[in-house]
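Report on one structure; see the data block that follows.
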Amino acid sequence: MAAPNSHRTDDWWRDAVIYQVYPRSFADGDGDGTGDLAGVRARLPYLAELGVDAVWFTPWYLSPLVDGGYDVADYRTIDPAFGTLAEAEKLIAEARELGIRVIVDIVPNHVSDQHAWFRAALAAGPGSPERERFHFRPGRGEHGELPPNDWPSQFSGATWTRVEDGEWYLHLFTPEQPDLNWAHPEVRREHEDVLRFWFERGVAGVRIDSAALLAKDPALADFVEGVDPHPYIDQDELHDIYRSWRAIADTYQGVFVGEVWLPDSERFARYLRPDELHTAFNFSFLSCPWEADRLRRTIDDTLAEHAPVGAPATWVLCNHDVTRTVTRYGRADTGFDFATKAFGTPTDLRLGTRRARAAALLTLVLPGSVYVYQGEELGLPEAEIPLDRIEDPMHARSEGVDPGRDGCRVPLPWAAEAPWYGFGSESEPWLPQPRDWARYAVDRQRTDPESMLALYRTALALRRAEPGFGDGPMTWLPAEEGVLALARPEGLVCVVNLAPWPATLPPYDRILLASGPLDAEGRLPQDTAVWLRVGGVL
Ligand code: GLC
C-alpha cells in the first residue's frame, strides 16, 4: 500500500519518527559489555520492523567517555569501543537499504580535553594562538586565584579550571569538556568541515548538542540574574553560525535538529527560520506534567511558536538525559525538571505505564515529527543504579544529590532468558541491569499483543499507512473537563482521557487503536487514549 503521508519525500523530516540510539547501551556485538556498531547493525531489522524512519545516534566518536561521548576527542574517528569508521559507513548504507535514515550528533560547544586542539593549547602556554581556540583567561584576585567570572555551570560545580601555568579555562560542563571559542574562524571552519565529512558519508541529518550555548559574551562579564542578554545562552551571533551550516546542509539535502532549551518561544523560533535549523527538540512537551490543561496549552504554544517560521514541531517524551517516561508519569510530580531530580522518589509503575501508553498515542497523532528514545518502545522504567556504579558526572558534580542520568541509559533487554538479557554475551554490561527486567525483554514483548512494543509497532504502522497523520492541520474538538480530543485531516480523531471518570467517545466509524480497553459501555477509561476514524472530514 502506498504511503499517503510524506514519509518518502525530501520533506521526510517534517513528520518522521526518529529513534534515538545510545550506542553504548543498545546492543553489544562483540560481547565486551559495551554496546557497539556491530550490535546496532545486527539489530537494524528490529528497527525496520518497529517502523521508524530515521535513527539518531548519540556521539559515537573517539572519546574518553567522561560525559558519555559528549566529550569528543576526534570527530572523524569512531571510538574503538564502538567500532570503526568503515563500520559506520556500512551501517549508514545498510540502514538506508532498510529505508532508515541516519542522524549523527555534533557537539560544537566543547571538545574533550584529549582533543588535539586542547592538548596543543595546554602545551603552547598563555598568549599562544592555540589558546585562542578556547576561553583561557587569567584569574581574578591578587594572585589570579579566583575564577575569571561567576558563570553558573550547566552541570553544577565550577565552570573554570586553573591550569599549571596559572591561567583558567572555561567549561560550561565538566573540566574534561573545555568550551570552544566560537569567535575564532578556525573553530567555525573546522565544524563546517566536520559537517561535510558526515554528510559525505551519507548521513541524512545532524543533531546539534547544546545548540544555544556556543557563542559567549566577548567580555565574559559576570552573570546578573534576570538581565538580558544572558552571557552565554542564546547570543545573537549563533544565528549567523547556523545560517552558514544550513547552506552546507542544503547542498546535501541534510537536516538539523537543535538541542535548544529556551523558555522564550519567540527566541526559540528564531532558530527555526527558513535559513537556519529545520527542527528543534520540544522540551516544553517533554517537561509537561500529565495534566490535560497543561498538555493542551503546551501543544497550542508549540504549534503557535512554529507556525510563523513554517517549521514542523517535534514531540519528545524522553531522551538520554531525562527520567524515563513510565517512571516520570508514575510519580506525584509528572513533569520533568533537572533541579528536582532526587533519589528514592515513590513511583507507581503500573500507573506510569498506563499513562505512557496513552501519551504515545497522543504524541504520534500530533502534527510534526516524533522522537522515540531506545527502550521507550519497551516501556522501560528508570533504573536505580548502585551508587558505586554511577558514571554520569552530573551525579558527582552535584555532590551526590542528583542521581544522574545513568538510570535511563541501562543496556537494553533483548532476550528474557539469555545472560544479560541478550544485550551481549561474555561480559557484564557497563551499567547493571535490574533483576526484574526479563518481562521487558524484546522477545517476551514481541509475542504479547498487549505489550508496549506491540502498541508502538501497531501505532507506527498505522501512522505510516493511514491518512491524516504527520504534518498538517489539527483542531481541538469539544470535550469534557480533563479530556483531550483533537481532529486531524481525513476524520482522524484522537481522544485522551486524563479525568478520573470514563469519557464518552464522539460518534465514530472505527477504532484504529486504543492504548487500553474501553469499558463495558464503550467509554474511554482514565489515562487511556484512542485513535478513531470518524465520518466528518476536517
Ligand atoms: C547535551 C547532551 C548531554 C550532554 C551535554 C553536554 O545536553 O544531551 O547528554 O551531557 O549536552 O554535551
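The values are calculated or read from the model by the stated rules, or taken from the named source; none is laboratory data. Keep in mind the model is a prediction, meaning the values are calculated, not measured. Please note: Cβ atoms are built from the backbone with ideal geometry, for glycine as well, and neighbour counts cover all protein chains shown. Calculation scope for accessible area: heavy atoms of the full protein, side chains included, ligands and nucleic acids excluded. Shrake-Rupley method; radii C 1.70, N 1.55, O 1.52, S 1.80 Å.
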Discussion item. I need the full set of residues from segment 214-245 which are open to solvent by 10 Å² or more (accessible area, probe 1.4 Å) and under 21 Å from the mean Cα position of the chain (by Cα), in order please.
Written reply: 233, 234
Worksheet item: Within segment 455-481, which residues are on the phi > 0 side of the Ramachandran plot and open to solvent by less than 20 Å² (accessible area, probe 1.4 Å)?
Response: 468, 470
Response to the item:
The correct count of residues that are out of contact with any Lys or Arg (no Cβ under 9 Å at 6 or more places or on another chain) and assigned to a loop (DSSP other than H, G, I, E, B) in segment 502-524 is 9
Worksheet item: Restricting to segment 386-402, what's the tally of residues that are within 14 Å of the ligand (Cβ to nearest atom) and either in contact with a Gly (Cβ under 9 Å, 6 or more places away or on another chain) or of a type outside the set (D, E, K, R) (or both)?
Response: 8
Worksheet item: Are there any pairs, at least 6 apart or on different chains, whose C-beta atoms fall under 9 Å, with the first in segment 424-453 and under 23 Å from residue 384 (Cα atoms) and in a helix (DSSP H, G or I) and the second of a type in the set (Val, Ile, Thr) and open to solvent by less than 60 Å² (accessible area, probe 1.4 Å), and if so, which?
Response: 452/326; 452/353; 453/442
Discussion item. I'm trying to understand the selection: among the residues of segment 377-391, which are under 28 Å from residue 350 (Cα atoms), surrounded by fewer than 23 Cβ atoms within 10 Å (Cβ to Cβ) and of a type in the set (D, E, K, R)?
Written reply: 384, 389
Discussion item. For segment 84-108, give me each residue that is more than 23 Å from residue 49 (Cβ to Cβ), touching a helix residue (DSSP H, G or I) at 6+ places or on another chain (Cβ under 7 Å) and either charged (D, E, K, R) or away from the ligand (no atom under 16 Å from the Cβ) (or both).
Written reply: none
Worksheet entry | Condition met for residue 339 (modelled with pLDDT of 95 or more and either more than 16 Å from the ligand (Cβ to nearest atom) or open to solvent by 50 Å² or more (accessible area, probe 1.4 Å) (or both)) | no
Worksheet item: Tell me, which residue of segment 198-213 that is more than 16 Å from the ligand (Cβ to nearest atom) and over 15 Å from residue 58 (Cβ atoms) is most open to solvent (accessible area, probe 1.4 Å)?
Response: 200
Worksheet entry | When residues of segment 37-83 are limited to those that are under 19 Å from residue 414 (Cβ atoms) and part of a strand (DSSP E or B), the one farthest from the ligand (Cβ to nearest atom) | 55
Item to complete: Taking only segment 142-159 into account, find how many residues are open to solvent by less than 40 Å² (accessible area, probe 1.4 Å), away from the ligand (no atom under 16 Å from the Cβ) and without any contact (Cβ under 8 Å) to a residue 40 or more places away in the chain.
Response: 1
Worksheet item: residue 345 is checked against (1) within 16 Å of the ligand (Cβ to nearest atom); (2) open to solvent by 50 Å² or more (accessible area, probe 1.4 Å) and fails just one. What number does that condition carry?
Response: (1)
